[in-house]
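**Student:** Would you mind keeping the following structure in view while I ask a few things?
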Amino acid sequence: MNPKHETQNPKHETRNPNKLRIIDPVTRLEGHAKITIHLDDSGKVEDARFHVTEFRGFERFCVGRPFWEMPGITARICGICPVSHLLASAKAGDAILAVEIPPAAVKLRRLMNYGQIIQSHALSFFHLSAPDLLLGFDSDPKQRNVFGLMEAEPDLARRGIRLRQFGQEVIATLGGKKIHPSWCVPGGVSAPLTEEGRETLRAWLPEARETANIAIELFKSWIDQYREEARCFGNFPTLFMGLVDDEGNWETYDGRLRFVDEKGRIVADMLVPSRFKEFIGEAVEPWSYLKFPYYKPRGYPDGIYRVGPLARLNICGKIGTPEADRELDTYREAVGDAAGSSFFYHYARLIEILACVEKIGLLLDDPDLTSDRIRAHAGVNRVEGVGASEAPRGTLFHHYHVDDNGLTTAVNLIIATGQNNLAMNKAVKQIAQNHISGPKIPEGVLNLIEAGVRAFDPCLSCSTHAFGKMPLKVSLIGPKGEIISEIARN
Amino acid sequence: MPGKVMIVGYGNQIRGDDAAGLVLAERIAARDERRIHSIAMPQLYPELAHQIAEYDSVIFVDASLEPGDENDVTIRELGKSLTPVLLGHAYSPDEIIGLAKRLYGGHPRSWILTIPGNEFGWKEGLSTATEKALGKAEQIVFRMLEDMKEPD
């Protein structure tokens, strides 16, 4: 595949007599995830593609807006991870102001990010993934959801909701009753934590810690049962990327970028996030509106890399909190060579939840959180700014160009899910190659493909700025481009 | 007098008419009616179920993807069908009510009020047609509240 220059034509399509013509947006209102599986002349799976057909227009919409507004605007891209965008956007604004924000503001932003990671990971595990794992990938989709989980394990279901609620409580306590667009701002934050807020959050910690540990023990009890899924759910060599701190340890808000390979060897280290364009390229394929980021020195598509919980645990030395580090050691002993299997994103997510709970506990003891020195004030001192932080799904970049008045002239967002795009495609191909031969798509394959994609916990809303649910359609394409069979869900 | 009533409006503020539910919830909240708790949110979250379980009546408000005018505002009582969450992270009103009932023992009567959406591009603000439909929707809500009786 050769990378193509980005096109702005929303109806771009291409035809190749031996491959399927893809992407004629059905509607710009509800994107859908479409998967095409291409067979060669002998009927074997040659390729598989995860197409996202929703056109991304968000960056265009933002042009002309003051960079001060961007945190509030970008927070509205997505209802699940607005905080991630708040933080990355505010950091881009910090760069435009050319300020170092006060230490208290850094700690408050970190606190909010931990809350964000907890709530997002809790939703992913308890509501989306646990039903697969507890009830089985082949179980009836009508039951294989949070309602099936409630029937089987009502206490676990309630705990999962409460854990997510804790994460939301952290966010709301800091930012107001809902995500307040003016809390996280270029230069810092607009309000400290109150003492009352500190005690409210502290009261949640024991339950949150207990739930995280229960979930980790549960997953560990499933590992042997799902060795086969671990083998073929996105299990292939890639690079892994994420932020690390100055000592190469787990980092979610600041730090430098590190790439490691499938054996954990450092490929590139302490890269400055604002210079991401030097080492991250973005390819475009005509059959998807989601771009394909890759590690430039290795070219496209060999520069495939993954981000998110699996990557963060692969790249870090340690997490830095006792319980999470204990679980990290156990994780590394258990996953062994399968540290590259995307199936273990689920496990990594749970360890990160525990890590965030512990980190919050430590932060809440810091008197700086109630300081009123929380914002640096300045004007436009640079006309370009990059903000990078770890969203739950992986590293997020906001890159703005502004004029002398601070109005944006160009906006580029590199979303975590987008960075996993190559890997998601490869995972779908791997699942298809393992489970499809011949002209029919077995019914259970849809379940497996769903589960394979779900391991990445993609936020298709973020990566495409769409809204609505995501129907899933799988098409089997013959060597002449003919549709042999199709199945769909939702 | 109606029992405890919750209004939940949801949608995306920067996708044009998708904000209709949000806007209506915010307008109702601004009226500061003691009997109503009105909240606006970008999408429905599972922890909402715990809150909803404590109410007697819940009205969800969302934009419909079908274009129309004030004559196309619809209200439907929620039934028992449950649509499983797939790749997305959003819950439907039916699913939230299902969680409220099964996990928290709540039994609110519930409805989904849909306001026709005409323009869903990247913009803030409602189209003229949807704005008019919003006015009709608000009337429907308050007529419903007048009709609701306090439980025995």
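The values are calculated or read from the model by the stated rules, or taken from the named source; none is laboratory data. This is a predicted model, so every value here is computed, not measured. Backbone-built Cβ (ideal geometry, glycine too); neighbour counts: all protein chains shown.
**Student:** Could you list, in sequence order, all residues of the stretch A:212-250 that are over 27 Å from residue A:300 (Cα atoms) and in contact with an Asp or Glu (Cβ under 7 Å, 6 or more places away or on another chain)?
**Tutor:** A:216, A:245
**Student:** Give the residue, chosen from A:140, A:132, that is of a type in the set (Asp, Glu), modelled with pLDDT under 90 and under 24 Å from the mean Cα position of the chain (by Cα).
**Tutor:** A:132
**Student:** Quick test of your reading of the structure: residue A:113 fulfils all but one of (1) away from every other protein chain (no Cβ under 14 Å); (2) touching a strand residue (DSSP E or B) at 6+ places or on another chain (Cβ under 6 Å); (3) under 21 Å from residue A:418 (Cα atoms). Name the failing condition by number.
**Tutor:** Among (1) away from every other protein chain (no Cβ under 14 Å); (2) touching a strand residue (DSSP E or B) at 6+ places or on another chain (Cβ under 6 Å); (3) under 21 Å from residue A:418 (Cα atoms), residue A:113 violates only (2).
**Student:** If a residue must be at pLDDT below 90 and among the charged types (D, E, K, R), how many such residues does the stretch B:5-30 contain?
**Tutor:** Matching residues across the stretch B:5-30 total 1.
**Student:** Ok, one more. Does residue A:164 count as touching an Asp or Glu at 6+ places or on another chain (Cβ under 7 Å), touching a residue at least 12 places away in the same chain (Cβ under 8 Å) and either more than 20 Å from residue A:187 (Cα to Cα) or not in a helix (DSSP H, G or I) (or both)?
**Tutor:** Spelling it out, residue A:164 is indeed touching an Asp or Glu at 6+ places or on another chain (Cβ under 7 Å), touching a residue at least 12 places away in the same chain (Cβ under 8 Å) and either more than 20 Å from residue A:187 (Cα to Cα) or not in a helix (DSSP H, G or I) (or both).
**Student:** Looking at the structure I just gave you, is residue A:157 part of a helix (DSSP H, G or I), surrounded by 19 or more Cβ atoms within 10 Å (Cβ to Cβ) and touching a residue at least 60 places away in the same chain (Cβ under 8 Å)?
**Tutor:** No, not satisfied.
Residues checked against (1) surrounded by fewer than 22 Cβ atoms within 10 Å (Cβ to Cβ); (2) touching a residue at least 40 places away in the same chain (Cβ under 8 Å); (3) touching a helix residue (DSSP H, G or I) at 6+ places or on another chain (Cβ under 8 Å); (4) closer than 30 Å to residue A:408 by Cα:
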residue	(1), (2), (3), (4)
A:294	no, yes, yes, yes
A:314	no, yes, yes, no
A:323	yes, yes, yes, no
A:326	yes, no, no, no
A:357	no, yes, yes, no
A:363	yes, yes, yes, no
A:381	yes, yes, yes, yes
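**Student:** What are the pairs with Cβ atoms under 6 angstrom where one residue, in the stretch A:53-81, is more than 18 Å from residue A:288 (Cβ to Cβ) and within 7 Å of chain B (Cβ to nearest Cβ) and the other, located anywhere, is in a loop (DSSP other than H, G, I, E, B) and modelled with pLDDT of 80 or more? Sequence gap at least six, or different chains.
**Tutor:** Here the result reads A:61/B:122; A:76/B:13; A:76/B:14; A:79/B:42; A:79/B:43, each pair linking the stretch A:53-81 to a residue that is in a loop (DSSP other than H, G, I, E, B) and modelled with pLDDT of 80 or more.
**Student:** State yes or no: is residue A:165 within 14 Å of chain B (Cβ to nearest Cβ) and closer than 21 Å to residue B:97 by Cα?
**Tutor:** Criteria met by residue A:165.
**Student:** From the list A:249, A:213, which one is at pLDDT 95 or above, polar (S, T, N, Q) and under 22 Å from the mean Cα position of the chain (by Cα)?
**Tutor:** A:249
**Student:** While we're on this one: Checking the condition assigned to a loop (DSSP other than H, G, I, E, B) and surrounded by 24 or more Cβ atoms within 10 Å (Cβ to Cβ), which residue from A:290, A:350 passes?
**Tutor:** The unique qualifying residue is A:290.
**Student:** Hey, among the residues in the stretch B:12-61 that are over 22 Å from residue B:129 (Cβ atoms), among the hydrophobic types (A, V, I, L, M, F, W, C) and assigned to a helix (DSSP H, G or I), which one's nearest to the other protein chains (Cβ to nearest Cβ)?
**Tutor:** Across the stretch B:12-61, the extreme among qualifying residues is B:49.
**Student:** Something else: Tell me the residue from A:420, A:412, A:425 that is surrounded by fewer than 23 Cβ atoms within 10 Å (Cβ to Cβ), modelled with pLDDT under 95 and touching a strand residue (DSSP E or B) at 6+ places or on another chain (Cβ under 8 Å), please.
**Tutor:** A:412 is the lone residue from the list that is surrounded by fewer than 23 Cβ atoms within 10 Å (Cβ to Cβ), modelled with pLDDT under 95 and touching a strand residue (DSSP E or B) at 6+ places or on another chain (Cβ under 8 Å).
**Student:** State all residues of the stretch A:360-411 that are among the acidic types (Asp, Glu), over 19 Å from residue A:174 (Cβ atoms) and not in a loop (DSSP other than H, G, I, E, B); if no residue qualifies, say none.
**Tutor:** Matches in the stretch A:360-411: A:384 only.
**Student:** I would also like to ask the following. Suppose we filter the stretch A:227-244 for residues that are over 17 Å from the mean Cα position of the chain (by Cα) and either among the acidic types (Asp, Glu) or modelled with pLDDT of 90 or more (or both); how many remain?
**Tutor:** Matching residues across the stretch A:227-244 total 5.
**Student:** Moving on to the next point. Taking the stretch A:116-131, which residues are buried (at least 24 other Cβ atoms within 10 Å of the Cβ) and either within 14 Å of chain B (Cβ to nearest Cβ) or outside any helix (DSSP H, G or I) (or both)?
**Tutor:** A:116, A:118, A:119, A:120, A:121, A:122, A:123, A:124, A:125, A:126, A:130, A:131
**Student:** Please state which of the following conditions residue A:170 fails to meet, knowing it meets all the rest: (1) more than 12 Å from chain B (Cβ to nearest Cβ); (2) more than 22 Å from the chain's Cα centre (by Cα).
**Tutor:** With respect to (1) more than 12 Å from chain B (Cβ to nearest Cβ); (2) more than 22 Å from the chain's Cα centre (by Cα), residue A:170 is out only on (2).
**Student:** Sort through A:88, A:48 and tell me the only one that's closer than 16 Å to residue A:253 by Cβ and more than 12 Å from every other protein chain (Cβ to nearest Cβ).
**Tutor:** It is A:88.
**Student:** Take residue A:195 and tell me if it is touching a residue at least 12 places away in the same chain (Cβ under 8 Å) and within 14 Å of another protein chain (Cβ to nearest Cβ).
**Tutor:** no
**Student:** Closer than 23 Å to residue A:169 by Cβ and in contact (Cβ under 8 Å) with a residue 12 or more places away in the chain: which single residue out of A:256, A:231, A:202 fits that description?
**Tutor:** On inspection, the qualifying residue turns out to be A:202.
**Student:** Shifting gears a bit: Looking only at residues that are part of a loop (DSSP other than H, G, I, E, B) and buried (at least 18 other Cβ atoms within 10 Å of the Cβ) in the stretch B:111-129, which one is nearest to the other protein chains (Cβ to nearest Cβ)?
**Tutor:** My answer is B:120.
**Student:** As an exercise: evaluate residue B:66 against (1) within 13 Å of chain A (Cβ to nearest Cβ); (2) outside any loop (DSSP other than H, G, I, E, B) and give the number of the one condition it does not meet.
**Tutor:** With respect to (1) within 13 Å of chain A (Cβ to nearest Cβ); (2) outside any loop (DSSP other than H, G, I, E, B), residue B:66 is out only on (2).
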